[in-house]
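Chemist: Handing you this structure, nothing more for now.
The values are calculated or read from the model by the stated rules, or taken from the named source; none is laboratory data. As the structure is a prediction and not an experimental result, all values here were calculated from the model. Note: ideal-geometry Cβ built from the backbone for every residue, glycine included; neighbour counts use all protein chains shown. The accessibility values were calculated without ligands, DNA or RNA, using every heavy atom of the protein model including side chains. Shrake-Rupley method; radii C 1.70, N 1.55, O 1.52, S 1.80 Å.
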Amino acid sequence: MYKTILFELTDQILTVTLHRPEVYNAFDDEMSFELQDALKKAARDEQVRVVVLTGAGDKAFSSGQDLNADRGDDPKRFSDSLHRRYNPIIRAICAMPRPVICRLNGVAAGAGCSLALACDVIIAAESASLALGFINIGLVPDSGATYFLPRAVGYHKAFELVSRGGRISATEALQLGLVNRVEKAADLDAAVQGEASYYAGAPTRAVALIKKMLRKGATESLDAALAYEAYCQQIAGGTADHKEGRDAFLEKRKAIFRGR
């Protein structure tokens, strides 16, 4: 179906793999548009209850933009590339009505780092790292980095990280709150599978609402957040999964959520 990504649905867990290992899973036009299409399919497919996003190989999640495919002197190409290629991907992940887990198998650099930060859960291998090296080639952060990073680490640390352009190890990323867990390389797949299996069995609509509420709440006033909570709670209260959860609680058994 695709040439530059792998798309595999198993047990309601969709795994999307960036598959250009010869260039450390760097983005060219084709991979950008294929990933956009894959995310659109995932959002529409009721069989998908969680998405895992990762990179091929054990060296890189994604090294960002493929600079060999980025030629020309017109500065307008930078904004055009972001509007056509990267920004739709970031928006699709954030708007995805399912949780998106990043399996951070190696370095995530530039737009690849932004892509990882856009995910809802990040599980990193010990050897993985985040690199916001835009400054090293005279550019500024993009693809949502300036949105996600200061919300995670605060303005001053975010300024240091992007203006100095260094690499953040998995251990440091965990300390800064940029990733959820760090695992040995041999344990990464099991950890990601366990996380994905949890969400595949969770009340999917409630999880989707939680995702929307938290992202919206980051920029809303308290009154707006309270009103939106009431609105979303009414929606959640009308789901079949809520009824199942309530019945299971009263019957002292484990709930079986169907994502409805």
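Chemist: So how many residues does the range 27-70 have that are among the aromatic types (Phe, Trp, Tyr) and either open to solvent by 10 Å² or more (accessible area, probe 1.4 Å) or more than 20 Å from Asn87 (Cβ to Cβ) (or both)?
Modeler: Filtering the range 27-70 down to residues among the aromatic types (Phe, Trp, Tyr) leaves 27, 33, 61.
Now narrow it down to the ones that are either open to solvent by 10 Å² or more (accessible area, probe 1.4 Å) or more than 20 Å from Asn87 (Cβ to Cβ) (or both): 33.
Of the residues in the range 27-70, 1 are among the aromatic types (Phe, Trp, Tyr) and either open to solvent by 10 Å² or more (accessible area, probe 1.4 Å) or more than 20 Å from Asn87 (Cβ to Cβ) (or both).
Chemist: Mind listing whichever residues of the range 112-151 are open to solvent by 10 Å² or more (accessible area, probe 1.4 Å), part of a helix (DSSP H, G or I) and either closer than 21 Å to Gly57 by Cα or not small (Gly, Ala, Ser) (or both)?
Modeler: Leu117, Phe134, Ile135, Asn136, Ile137, Thr146, Tyr147, Phe148, Pro150, Arg151
Chemist: Take Leu9 and tell me if it is in a strand (DSSP E or B), surrounded by fewer than 19 Cβ atoms within 10 Å (Cβ to Cβ) and at pLDDT 95 or above.
Modeler: Working: in a strand (DSSP E or B): yes; surrounded by fewer than 19 Cβ atoms within 10 Å (Cβ to Cβ): yes; at pLDDT 95 or above: yes.
Yes: the conditions hold for Leu9.
Chemist: If you check Glu195 against the conditions, is it surrounded by 14 or more Cβ atoms within 10 Å (Cβ to Cβ), free of Cβ contacts under 8 Å to residues at least 24 places away in the same chain and of a type in the set (D, E, K, R)? Give the derivation first.
Modeler: On the way: surrounded by 14 or more Cβ atoms within 10 Å (Cβ to Cβ): yes; free of Cβ contacts under 8 Å to residues at least 24 places away in the same chain: no; of a type in the set (D, E, K, R): yes.
It is false that Glu195 is surrounded by 14 or more Cβ atoms within 10 Å (Cβ to Cβ), free of Cβ contacts under 8 Å to residues at least 24 places away in the same chain and of a type in the set (D, E, K, R).
Chemist: Which of the numbered conditions does Lys76 fail, given that it passes all the others? Conditions: (1) in contact with a strand residue (DSSP E or B) (Cβ under 7 Å, 6 or more places away or on another chain); (2) open to solvent by 70 Å² or more (accessible area, probe 1.4 Å).
Modeler: (1)
Chemist: Filter the range 89-110 down to the residues that are touching a residue at least 12 places away in the same chain (Cβ under 8 Å) and open to solvent by 40 Å² or more (accessible area, probe 1.4 Å) and list them by number.
Modeler: Of the range 89-110, the ones touching a residue at least 12 places away in the same chain (Cβ under 8 Å) are 89-90, 92-110.
Listed by number, the residues that qualify are Ala95, Pro97, Arg103.
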